[in-house]
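The values are calculated or read from the model by the stated rules, or taken from the named source; none is laboratory data. Everything numeric here is computed off the predicted structure, so don't read it as measured data. Cβ placement follows ideal geometry from the backbone for every residue including glycine, while neighbour counts extend to all protein chains displayed. Protein only, heavy atoms only, side chains kept; ligands, DNA and RNA dropped before computing areas. Shrake-Rupley method; radii C 1.70, N 1.55, O 1.52, S 1.80 Å.
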Amino acid sequence: MNGIPNLNYDIINNGLWEVTQNIEISIPQYTFLHKFLFGLEPIATSDDFIARQLLERDIPALPTETMKYGDPDLEKYDEQFSLKDIFPQYYFKEDSVNLSNVANRVSPNEPISAPWSYETRAVYILGQKARYKRAQFEATVEKLCSDMVLTGKYTTKANGDQTSDTPSKLLNLSVASTWSTNPIKALETAATSIFEQGGTMPRVLILNPSDATPLITNSKIMTILDNRRMEMGGIKPTEINAEDGSSYIGRISLPSIGPVDIYTYAGQYKSDGTKHNFIPQGKAYFGIPNIGRIGYCGLIANIGGKPGKIAGEYRATAYDTSRGDLVTAKLQTQFSPAAIVTRPSSYGIITGIPAA
């Protein structure tokens, strides 16, 4: 009796012919700030920077009265605007896959009884690397949004700090002395500062999760929510949104502000082996949604065998190199994002919230 061709008897003899259960633990990368605050239509350019023009208009000053039958007052009104270049961060990474990386199974999805070819394993590894780089890219954009909102700037390796036009006063609305005893007054004071700078009343409050419970259980907040004679809002916390990491806590209506929707954000980033919150304990965003957009600057590209630049959000290029019998697969990834605040005076950062 002839044996079955290509049957690997060792798989059966060694007891490896069995059903396997694949288990994966994956902590999601959240993008609430990008989607909620920088969700305006993104822009892309093949240039190395994005030009930004700022025009500020305050409320008009009262005119001086003119003497009738006299000469007209000579007045001149000029709109003043500033021009500034915004430079992005830039990332250009390269990964390799060689024979030693594909000699053994590379995925729990690869059947024990039907090993993949080296080529299939190499393609799988390249795909996983590209997927991981894309996740790093998303985390980078979220960190840009966090830095720009909380501090009014982000840092680039080639061009230093890139600042927004948010007034420094609005980036440090301290509530250290009033938050615990009278958070309503603290919010009203912060809202007044924001309105005076930009003419906009805040409509959303985004907190670190650990700061939410002390706020909504504060006696002042509970008193207005328990008032049966007025509709002052409602608190009904939801589960964490699996897509963006936010949780909607509820709405409160404050006499001098109006309705304010309260969110918490559980998003984190990892740097130097340590996890950090995008919205740290003690700080909160107080403003409106969609205060900015993400810009994407030029990426290096091989255009018809010649060096060039293209516009795009993200670029991944796979190719191979060979030295005789040695063949190495390569993956290059590029991205060059910038966080741009288009409503710089329409929000403030509350600081000094005491720990629970």
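Observations, loosely collected:
- Check on THR178, in a strand (DSSP E or B), more than 30 Å from VAL97 (Cα to Cα) and either in contact with an Asp or Glu (Cβ under 8 Å, 6 or more places away or on another chain) or open to solvent by less than 60 Å² (accessible area, probe 1.4 Å) (or both): no
- Checked against the criterion of being open to solvent by less than 30 Å² (accessible area, probe 1.4 Å), on the phi > 0 side of the Ramachandran plot and of a type outside the set (Asp, Glu), the candidates GLY152, GLY199 yield just one match: GLY152.
- So LEU254, is it over 22 Å from the mean Cα position of the chain (by Cα) and under 26 Å from VAL175 (Cα atoms): yes
- Residues located in the range 232-254, provided they are open to solvent by 20 Å² or more (accessible area, probe 1.4 Å), touching a residue at least 60 places away in the same chain (Cβ under 8 Å) and not charged (D, E, K, R): ASN241, ALA242
- Here ARG121, ARG131 are screened, and the one residue that is at pLDDT 85 or above, of a type in the set (Lys, Arg) and open to solvent by less than 60 Å² (accessible area, probe 1.4 Å) is ARG121.
- Verdict on PHE335 being open to solvent by less than 50 Å² (accessible area, probe 1.4 Å), under 17 Å from TYR90 (Cα atoms) and of a type in the set (A, V, I, L, M, F, W, C): yes
- If the condition is being among the β-branched types (Val, Ile, Thr), in contact with a strand residue (DSSP E or B) (Cβ under 8 Å, 6 or more places away or on another chain) and open to solvent by 60 Å² or more (accessible area, probe 1.4 Å), then the range 269-304 contributes ILE300, ILE303.
- So ILE294, is it assigned to a strand (DSSP E or B) and out of contact with any Pro (no Cβ under 9 Å at 6 or more places or on another chain): no
- Tabulated pairs, the range 305-329, first open to solvent by 80 Å² or more (accessible area, probe 1.4 Å), second modelled with pLDDT under 85, C-beta under 6 angstrom, 6+ apart or interchain: ASP320/VAL327
- Considering the conditions (1) assigned to a helix (DSSP H, G or I); (2) open to solvent by 20 Å² or more (accessible area, probe 1.4 Å), GLU142 is excluded by exactly one of them, (2).
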